[in-house]
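Working notes, structure below.
The values are calculated or read from the model by the stated rules, or taken from the named source; none is laboratory data. What you see is a predicted model; the values in this text were computed from it and never measured. Backbone-built Cβ (ideal geometry, glycine too); neighbour counts: all protein chains shown. The accessibility values were calculated without ligands, DNA or RNA, using every heavy atom of the protein model including side chains. Shrake-Rupley method; radii C 1.70, N 1.55, O 1.52, S 1.80 Å.
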Amino acid sequence: MKKENNTEKKNNGKKKNKGCLIGLAIAGGLLALLILLVALLPSLLFTDYQGLPTTGKYDVEMASAILVDENRTESFESDGSNREVPVYFFYPDTASGSFPLVVFSHGAFGYYQSNMSTYMELASHGYVVVSLDHPYHSFFTKDTDGKTVIVNPEFMQQVMYINDNAPEEEIISISHEWLRLRTDDMNFALDTIKKACESGITDAWHIDSDSGNMENILSLIDTDRIGLMGHSMGGAASVTLGRTRDDIDAVINLDGTMLGEQYGYKDGEYDLYEESYPVPLLFVSNEAHHYESQEVEELYVNNVVLENAVDARYTYFVGSGHMNFTDLPLFSPKLAEMLGTGEVDAKECIVTMNELILDYYNCCLKDMGEAVVEECYG
């Protein structure tokens, strides 16, 4: 199931699709003012969450760094500073090995710990997982000076506007600006990690003093086996990057509308890529979005992409809401409920989802048989 590299992935194929976005599935709610409050007062809502017990043979270690992109100026600041991308490594506690790399992108107003149990479960089974923060899209993060960077108010207002029946042309323009920021972050992180694996760490790396030996961690990574994954907007960014890079072997999208597959809108129709999505793709949906997408069929971009992909799998979780595909219901259930959860048991949903993700990556990145993806779970 592992794909062959395809240097012709960057295509200009076009396809028309009438305008229809089902709730966008990018933010999970419209409570931006509450989210800002939470970002400022995290200690009131969050516990010392450490994920769930893992099932693999490896103990899991964590390390972090901030990568500074000298080729990009930080667009959210006016001081000419460079864009910084915090990266968090979850890796097997072993002295040697060669493990696939999985890069994770969080959703709007998310942060790097949003799917901690998923990273740790994968790492315990022999993966190196790198979770990114996207500064100013993230709930909160830190910069190289140790300053707390909170979510940008203008970005929050844009998300509220997009979710409140904005014109389709503006949805395309604004959402693609978001995706460019995220895919630029992911491209930079991937390229910097790959370069460091080949020729060593450069000045772009600002490594946390509490982290382990980063060169030893990088030595565990097999850069010939790479997966992308994300929740919500992070899922959309992962899908976009999977089309444009030649070194990606599998993509998992957790409940995100594939906004990057719509590259234009004119005369009541979206312009979509005509060429099939070239990378093995798994899309996991919440129940409400599943039934809404079934009603509109080819009017929803995700349906078109999945139907025309070279290798696509799809499933949904009965009783789930948008935030049930993150760990948020496990460590801040009240906030998760306000942002959108279903009646499904939160822990059971995450455990089942993590088993599915592990099975899928084992198939795509380790050639361990065929991945079994049920029609639905729950």
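Taken as a whole, region 108-128 holds no residue that is assigned to a strand (DSSP E or B) and either in contact with a Cys (Cβ under 9 Å, 6 or more places away or on another chain) or among the charged types (D, E, K, R) (or both).
Filtering LEU330, LEU358, LEU365, LEU306 for residues that are touching a Phe, Trp or Tyr at 6+ places or on another chain (Cβ under 9 Å), open to solvent by less than 10 Å² (accessible area, probe 1.4 Å), over 15 Å from ALA288 (Cα atoms) and not aromatic (Phe, Trp, Tyr) leaves a single hit, LEU365. A count restricted to region 77-105 and to residues that are open to solvent by less than 60 Å² (accessible area, probe 1.4 Å), assigned to a loop (DSSP other than H, G, I, E, B) and more than 23 Å from SER117 (Cβ to Cβ) stands at 2. If we scan region 219-242, do we find a residue that is free of Cβ contacts under 8 Å to residues at least 60 places away in the same chain and more than 26 Å from ALA95 (Cα to Cα)? Checked region 219-242: at least one residue is free of Cβ contacts under 8 Å to residues at least 60 places away in the same chain and more than 26 Å from ALA95 (Cα to Cα). The set of residues in region 56-76 being more than 23 Å from LEU179 (Cα to Cα) and open to solvent by less than 60 Å² (accessible area, probe 1.4 Å) consists of GLY56, TYR58, VAL60, ALA63, SER64. Do the conditions hold for ASN213, that is, is it polar (S, T, N, Q) and either in contact with a helix residue (DSSP H, G or I) (Cβ under 9 Å, 6 or more places away or on another chain) or open to solvent by 80 Å² or more (accessible area, probe 1.4 Å) (or both)? Answer is yes for this residue. For region 140-237, list the helices (runs of 4 or more DSSP H) that sit wholly inside it and hold at least 2 residues that are over 28 Å from ASN362 (Cβ atoms); which are they? Hits in region 140-237: 153-162, 168-199.
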